[in-house]
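J.: Before I ask anything, let me first share the structure, which is written out below as structure tokens.
The values are calculated or read from the model by the stated rules, or taken from the named source; none is laboratory data. A quick note: this is a predicted structure, and the numbers were derived from the prediction, not measured. Please note: Cβ atoms are built from the backbone with ideal geometry, for glycine as well, and neighbour counts cover all protein chains shown.
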Amino acid sequence: MRDPTPGVGRVFTTGYSGPQAPYPMDGGPGMPRSAGMRRRLLVFGGVFLLCALISLSYTFLRPAVYLASARLQITPPAKLPVPDAVAAVDSTPDFLLESQVLNSRPLLEKVATRLASQGVLKALEGEPVLALQAMLKVAPIEGTNVIELEAKSEQRLLVARLINTTIEVYREQQALAGASSAQTELAQARDEVRVIDNKVAERKRAMEEFRLRANIVSGERDENQALSRVKGLGTSLTAATDREAVAEGRVRALEQAASEGKRAPQAKDNSTVLGIEQRLLQLREEWRALERQFTPQYLDMDANARALKTRISNLEQQAVEERRKSQQTALTEAREELASARATTQRLQQHLADDKQSAQSFSRRFGEFQTLQEELRGLDQMRQSARQRLLALEASELTRKPRLQVLEAAATPESAWRPLYWRDAAISLAASLVLGFLAVWFVEFFDRREPVAATPSTVILAQPWLAPQHGAMPLGHAPGMAPLSAPPGPPQRQQLAAPPPRELDRHELSKLLLSAAPENLPLLICLLSGMTVAELLALRVSHVNDNAQTLIVPGNPSRVLALEGPLQSLTQLCANRAPAATLFADATGEPFTAQDIEAAVSTSAFDANLDDALQVTPATLRHTYMAFLVRQGLRFSELGKLVGRLPAEALDVLSALAPGTERVGLNAVERTLPALRELNLG
């Protein structure tokens, strides 16, 4: 088979020039039909019977396995009492330990002995204990104290007896072990209490002897004379040091005030100074009253006024002298107080230095005494805990034994657990049937013969998408068919015409634009405005004139479009970009290629879920716009002003879409698609 011109049709080469013979079902022209069928039946029947015999033999020859199960609840021995400071111990490990005992060798040896005495283990081969361990399965149920026992064996009567006997032996063994363990724990607890009591008595005697040697009156630190004396001296020395600092500060303040001629801070005047100041205040008030009544010349001539002024001067001198004497007295008293404080501090320091060595020695001995006290306190706590434990052991002897409760005893199974004979037999028959068909196919595949070829002939079949076109080349004739005569016409028209591009309706355009990504929307708008892929790749930022609201589309020749409607969104792509930059570029600034534009259209069509989205191309969008203009009756001579120069083939396709009415100019048609007018770019 070979393919002629793409998109036109397909040419098939057949092997016979005459009437077509039926394809031989037996794999060759020389073999009769009945012989081929007999061979297939022979192969199918042989393989099916062989596989069915083998698989069914394996299925029914397998021995039956019986299953018995039981459930029992095991409560581990109660934990020994522990002090409050110790965290509670989890009982899960004890429960798991008890579950392991059920499948242990010592327990199963006793079980094997008991079963052998009952005459059940005669059919077992090899060592009985290992065989019982392989049969028995112990499965603790998570989150509970329940254990599930399962036994699998070919002997139907053995599985239930094995589980029930294991439970009986375990119950007896745990009862004996619990009693022995209780007596051992009681003996250990009593020995522990006796040893701790002896240690406590020895430690008390040693602590009392040390207290007498170290002359320690009490275990409290402040009740001992040596440490109490040192503590009192330290407190007194601190207070004396504070008084000395206060007295020294007062002396410095008085000396500074005396040197600067100021009044001493916090210095109290005596009664004489207070009396003089009161009299001076009265006389000054009288003098100010006279100044308000008389002129200074009259006051200079009046004898009473001059006498009043003289008394004021005398009182001021007396006040200054009395203040000086009072300040000197206060300074003297402050110095005496400072000397007394210093003497007290020195005396206390001397006493503290004398008692320091003895206090250190006593502190060391007292620290050792406190260490002995802590050790004795720890031993007392241990003794108390040991006594509590002994008391709890004596009171809870029964609770410390493991308890066993059988929730569900094992019962003798009535039917086999495995295998499921009839299910496996059905699977075996189905597999044998499939293998029989595969064997027939395998034999036919390697024994296939090609039919004998005669004179080849060629048949041209039109593709299903090709519509009858004016001037299309007629189909050739096949053997046995009358040849079709070609219609008259020029030789160059005698060929199959290519199908016209797909035209999208208004609903498809709306879905395409609404589903498109924001970065792909300007490309779709330009294609739906009549631009080609080559023109989109040639667009630069400088071609968009925002002031004149025009777009220069480069080409041969170029054309100018008005930035109307959605085309105004191109101005946003030009913001802060160089005039020579490509208008359409990716996020990294690389210019778009033709493959990028085709990918943007295809992805938008797939996102819009359009029918046959793979056939939606840039040419589809441009053809949709041109068909929109032509259907309005636009003159073909003015169509090139909007979409550029068109070849004759495109004009031939568009001419079939033009209405039969009179042609109109650009001003009489709508230049923007309705789907673009409805697009909201805000």
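J.: Pick from Ala619, Ala650: which is assigned to a helix (DSSP H, G or I), closer than 24 Å to Leu513 by Cα and in the same structural domain as Gly530 (by TED's automatic domain parsing)?
T.: Ala619
J.: Does any residue of region 140-154 turn out to be hydrophobic (A, V, I, L, M, F, W, C), in a helix (DSSP H, G or I) and either in the same structural domain as Gln118 (by TED's automatic domain parsing) or touching a helix residue (DSSP H, G or I) at 6+ places or on another chain (Cβ under 9 Å) (or both)?
T.: no
J.: Residues in region 602-610: is at least one over 18 Å from Leu527 (Cβ atoms) and touching a residue at least 24 places away in the same chain (Cβ under 8 Å)?
T.: yes
J.: Quick one: how many residues across region 413-434 are exposed (fewer than 13 other Cβ atoms within 10 Å of the Cβ) and at pLDDT below 85?
T.: So the answer is 2.
J.: Which condition number does Ser569 fail, the rest of (1) of a type in the set (Ser, Thr, Tyr); (2) farther than 23 Å from Asn680 by Cα; (3) touching a residue at least 12 places away in the same chain (Cβ under 8 Å) being met?
T.: (2)
J.: On the given criteria, is Gly644 more than 14 Å from Leu504 (Cα to Cα), without any contact (Cβ under 8 Å) to a residue 60 or more places away in the chain and either surrounded by 14 or more Cβ atoms within 10 Å (Cβ to Cβ) or not polar (S, T, N, Q) (or both)?
T.: So Gly644 does not fit the description; no.
J.: Looking only at region 590-632, how many residues end up being of a type in the set (Gly, Ala, Ser) and within 30 Å of Ala668 (Cβ to Cβ)?
T.: Of the residues in region 590-632, 2 are of a type in the set (Gly, Ala, Ser) and within 30 Å of Ala668 (Cβ to Cβ).
J.: When you check Ser529 against the structure, is it polar (S, T, N, Q), more than 47 Å from the chain's Cα centre (by Cα), assigned by TED's automatic domain parsing to the domain that holds Asn667 and closer than 26 Å to Pro647 by Cα, yes or no?
T.: yes
J.: Which condition number in (1) at pLDDT 85 or above; (2) assigned to a loop (DSSP other than H, G, I, E, B) is the one that Glu109 fails?
T.: (2)
J.: Residues in region 586-596: is at least one at pLDDT 90 or above, in the same structural domain as Ile525 (by TED's automatic domain parsing) and either touching a helix residue (DSSP H, G or I) at 6+ places or on another chain (Cβ under 6 Å) or aliphatic (A, V, I, L, M) (or both)?
T.: Looking through region 586-596, at least one residue is at pLDDT 90 or above, in the same structural domain as Ile525 (by TED's automatic domain parsing) and either touching a helix residue (DSSP H, G or I) at 6+ places or on another chain (Cβ under 6 Å) or aliphatic (A, V, I, L, M) (or both).
J.: Answer with yes or no whether Ser228 is in a helix (DSSP H, G or I), of a type in the set (S, T, N, Q), farther than 30 Å from Leu315 by Cβ and modelled with pLDDT under 65.
T.: yes
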